[in-house]
Amino acid sequence: MTASRKNGAAGKRLMSGNEAIARGAYECGVRFGSGYPGTPSTEIMEEFARYEGVYAEWSPNEKVALEVGIGAALAGARALVTMKHVGVNVAADPLFTVSYTGTNGALVIVSADDPSLHSSQNEQDNRNYAKFAKIPMLEPADSEEARQFIKIAFEMSERFDTPVFLRSVTRLSHSKAVVTPEDPVPVEDRTAININAAKYVMVPFNARVRRVEVEKRMNALREFAETFPENRMEINDPEVGIITAGMCYHYAKAAFRDYSYLKLGMVYPLPVGMIREFARKVKKIYVLEEMDPFFEEQIKALGISVIGKEIFPYTGEFDPGIVQTAISGTKPESISCPVDIPPRPPNLCPGCPHRGLFHVLSRLKTFVTGDIGCYTLSFMKPLEGLHSCICMGASIGMAHGMSKALGEKGRGKIVGVIGDSTFLHSGITPLLNLAYNKGDAVIVICDNRTTAMTGMQEHPGTGYTLQGEKTKPVDLKALITALGIDSVRVVDPYDLKVTRAVLKEELDRPGPSVVISQRACVLFKREAKAARKPLRVNPDKCIGCRSCIGLGCPPIAWRNFSELPPEQVKKNAKKQDGMAVIDGTLCNGCTVCQQLCKVGAIVEED
Amino acid sequence: MKSEVKSILMAGVGGQGVLRASDILCQVMMDSGLDVKKSEVHGMAQRGGCVTSHVRYGQKVHSPLAKKGDVEILLAFEKLETLRYLDYLKPGGIVIINDEEMNPPSVNLGAAAYPETVVPIVRERFPSVIVVNAPELADRAGNRRAVNTVLLGVLSKYLKIEEQQWEKGIRDSFPPKTVDANIKAFHLGRGI
Ligand SMILES: Cc1ncc(C[n+]2csc(CCOP(=O)(O)OP(=O)(O)O)c2C)c(N)n1
């Protein structure tokens, strides 16, 4: 990838929140970025990496990304670190202590939260991290604010010698709005080697001193919040006031244009004096926030009476309709659909290499501890090939714990499944543990050569960096062997027979082992193989056994004979009540269904 | 004068080009001097799930999300998806339906039926329903994937935006190889 982003201002543009964050960082002279992909944060670092003169990397996980950012900041750089909300859990250890050391240069951590769990395993409200780790947090409400707030965040980091959070939510990250970019400021090189052990060696003796500094800094920030121009009062109707921040501000404005507002640009620490003043100016106050009553609890602790979670939901994303209904008690008039609509959940793509693997696994009668990635989708009908998913990396530790707890009962019945990106993110240490503490499980690494779920990001196994440079890919087999696993085997998940045989052998043999199920993601262009011919079902042979249907592959559909015109009904078995068909425009000829068909009814299209 | 903010909702299935279409629409609106915001959820969308994009425009837009009962035009890229978002439409709103069926997983498995009466259900409830065979028009334009530009063409009939703006928007959004087919697809949609 070459630097391709326009560097100059060049007029108004539509930008997503994520693009605007990257733009703002670039404009204010940030040239260092690290992160780990995760919806809805991913495009920030992808976009930032395209600007000229920038260093940006995908680190193997969020903890490493933050530590990389801390190192850069200690060397005097301005460092941008990005992750999704749950990524902050992974990075929490360095996070809580970098709050003590301060940053020397500048360090801004973007946490992209996901109210409504559009693509996440939980709905945690990361504003709590700001309070918990004593780190100030800004929250923009739209793309233009995102571009501006990231700059303010960097200034604050330098001025107060503190890491700063910028919080986004899915609706900000993935909505587009008009932005007016500015020219980038000239970049000054302020990096140098600076030794200051008292500040950066956090042993108790030093940390106790820094602990006091943190409280002083919090007081300075509280004072700063009172006059911070992005904490803004709009006094209109004095009867009703709404205290809110971020996207919720716009939802409320769309529904109630004439109420008064206290819009908080800084969500932690709160401007207590300003809140008291607002409470004096308006009669009735609503606190509007998605997820936790984060403001509400703090404001109620001031002795100010407000209405919050008694009318607004605790869960899910809001929209103008939800806000309007909660406040006014009236539902907008709308016409609903009178029939049941079959749901359309995301599914593994046609030709996805995960499908064959999970078909085999589901027939082996094992407990499959799963992990996070596209392959998690195989828990659904009809594959039902995965039985747990907690967080990235959990599969291996859980398989180990389960095998230890079950003892003989679990012998040959425990499989842990993890993707390649996820394995390198947080699967290495649990695998070391499995080997060292003599666990008994088969670990399958679904190596599709990329981080597919979040849109094909590089990871240390792919051989390329985020900015497109070639680098040395990790040798998975050698790594796993070095961790103490004696049996490491590689299979092609398009080959059902071999995949099944190898998994059975490994399950039969006591002790830990690893099977690498290797084939590139079908959507991954760099590793694309020559197109294969689509397949079709020969109606003169299909016996309606539904074996191929059990794959849940999008092009394969079941047709009941009762719904077909008589001339199309071809009965090839006694009790046959329907047949399978394949949509050739969707099929990419992976042959997995063909291997399952016992009567040879699935053939190449002519 | 406070002018009204209006909403368009596009709905389809991952891979149909919904997001590209809404990007073009927003660009064209911005170039015509309007404030515009759009919102979408992607991430898992590539995997054959539902994709929606809310587009809101006017003098000053706050929310990038429309509320239920507030959408002027629903542009459904897939027939069944029309029903899923019907409650977003204003009573009397316009519905544009691409007459293409893509089976959800439960239909493929034989566990559920694809509703047969999508169009009549919608017609019974809304006065202006336009059904278009976009894949056929896209084929005629020389690119089967141009379904999204055909549908933009149909949509364009209901918006007061200059034709050149649309053409520019399309030209700027596709690789040179496919621009001509997409322009043609747009006009075939606009001409129905
Ligand atoms: C701590 C954390 N960071 C990031 C994510 C977002 N995320 C979910 S799965 C995944 C990676 C999936 O890649 P891989 O394991 O290679 O599986 P694939 O999708 O390619 O099958 C990512 C980045 C997350 N859920 N948790």
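Restricting the first member to the stretch A:75-97 and to residues that are away from every other protein chain (no Cβ under 14 Å) and open to solvent by 20 Å² or more (accessible area, probe 1.4 Å), and the second to residues that are among the aromatic types (Phe, Trp, Tyr) and within 8 Å of the ligand (Cβ to nearest atom), the beta-carbon pairs closer than 9 Å and six or more apart or on different chains are A:Val90/A:Tyr36.
Here A:Val185 fulfils each of the conditions (1) within 32 Å of the chain's Cα centre (by Cα); (2) surrounded by 15 or more Cβ atoms within 10 Å (Cβ to Cβ) apart from (2).
When B:Gly49, B:Gly58, B:Gly43 are checked against the criterion of being in contact with a Ser or Thr (Cβ under 9 Å, 6 or more places away or on another chain), modelled with pLDDT under 95 and not acidic (Asp, Glu), a single residue qualifies: B:Gly43.
Selection of the stretch A:417-458 for residues being of a type outside the set (Asp, Glu), more than 7 Å from the ligand (Cβ to nearest atom) and in a loop (DSSP other than H, G, I, E, B) yields A:Gly427, A:Asn437, A:Lys438, A:Gly439, A:Ala441, A:Arg449, A:Gly455, A:Met456.
Reported count of residues in the stretch A:329-353, each being within 12 Å of chain B (Cβ to nearest Cβ) and more than 30 Å from B:Arg123 (Cα to Cα), is 5. I'm trying to understand the selection: among the residues of the stretch A:533-557, which are surrounded by fewer than 21 Cβ atoms within 10 Å (Cβ to Cβ) and more than 14 Å from every other protein chain (Cβ to nearest Cβ)? If the condition is that a residue be surrounded by fewer than 21 Cβ atoms within 10 Å (Cβ to Cβ) and more than 14 Å from every other protein chain (Cβ to nearest Cβ), then A:Lys533, A:Pro534, A:Arg536, A:Asn538, A:Pro539, A:Asp540, A:Lys541, A:Ile543 are the ones that fit. Restricting the stretch A:596-606 to residues that are open to solvent by 20 Å² or more (accessible area, probe 1.4 Å) and assigned to a loop (DSSP other than H, G, I, E, B), the residue that is farthest from A:Gly356 (Cα to Cα) is A:Asp606. Being away from chain B (no Cβ under 14 Å) and within 14 Å of the ligand (Cβ to nearest atom): is that true of A:Gly356 here? Yes: the conditions hold for A:Gly356. Going by the conditions given, is B:Gln16 surrounded by fewer than 20 Cβ atoms within 10 Å (Cβ to Cβ) and at pLDDT below 95? When the stated conditions are applied, B:Gln16 does not pass them. Just one of the numbered conditions (1) without any contact (Cβ under 8 Å) to a residue 12 or more places away in the chain; (2) under 20 Å from the mean Cα position of the chain (by Cα); (3) farther than 30 Å from A:Val444 by Cα is not true of A:Glu317: (1). Listed by position, the helices (runs of 4 or more DSSP H) contained in the stretch A:263-371 that have at least 2 residues being β-branched (Val, Ile, Thr) are A:272-281, A:320-328.
Taken together, A:Val214, A:Val267, A:Val272 contain a single residue that is modelled with pLDDT of 95 or more, assigned by TED's automatic domain parsing to the domain that holds A:Gln148 and of a type in the set (A, V, I, L, M), which is A:Val214. Considering only the stretch B:82-93, I want to know if a residue exists there that is of a type in the set (A, V, I, L, M, F, W, C) and open to solvent by 10 Å² or more (accessible area, probe 1.4 Å). Within the stretch B:82-93, not a single residue is of a type in the set (A, V, I, L, M, F, W, C) and open to solvent by 10 Å² or more (accessible area, probe 1.4 Å). Answer yes or no: is there a residue in the stretch A:469-484 that is away from chain B (no Cβ under 14 Å), in contact (Cβ under 8 Å) with a residue 60 or more places away in the chain, more than 10 Å from the ligand (Cβ to nearest atom) and open to solvent by less than 10 Å² (accessible area, probe 1.4 Å). No, the conditions are met nowhere in the stretch A:469-484. One residue stands out in the stretch B:141-150 among those that are within 29 Å of B:Ser7 (Cβ to Cβ) and within 13 Å of another protein chain (Cβ to nearest Cβ): the one that is least open to solvent (accessible area, probe 1.4 Å), namely B:Val147. Annotation note: Cβ proximity below 6 Å between a residue of the stretch A:434-450 that is touching a residue at least 12 places away in the same chain (Cβ under 8 Å) and open to solvent by 10 Å² or more (accessible area, probe 1.4 Å) and a residue that is more than 9 Å from the ligand (Cβ to nearest atom) and among the charged types (D, E, K, R) (sequence gap 6+ or interchain) occurs for A:Arg449/A:Glu527. Within the stretch A:547-579, the residues that satisfy the criterion of being closer than 13 Å to A:Gly600 by Cα and within 44 Å of the chain's Cα centre (by Cα) are A:Ser547, A:Cys548. So, of the residues in the stretch A:127-174 that are of a type in the set (Asp, Glu) and part of a loop (DSSP other than H, G, I, E, B), which turns out to be surrounded by the most Cβ atoms within 10 Å (Cβ to Cβ)? Taking the candidates together, the pick is A:Glu139.
Looking only at residues of the stretch A:365-415 that are under 13 Å from A:Leu431 (Cα atoms) and more than 13 Å from the ligand (Cβ to nearest atom), we find that the one that is surrounded by the fewest Cβ atoms within 10 Å (Cβ to Cβ) is A:Gly401.
The values are calculated or read from the model by the stated rules, or taken from the named source; none is laboratory data. Here the structure is a predicted model, which means the values were calculated and not measured. All Cβ positions, glycine included, derive from the backbone under ideal geometry; neighbour counts span all protein chains shown. What goes into the accessible areas is simple: the full protein's heavy atoms, side chains included, and nothing from ligands, DNA or RNA. Shrake-Rupley method; radii C 1.70, N 1.55, O 1.52, S 1.80 Å.
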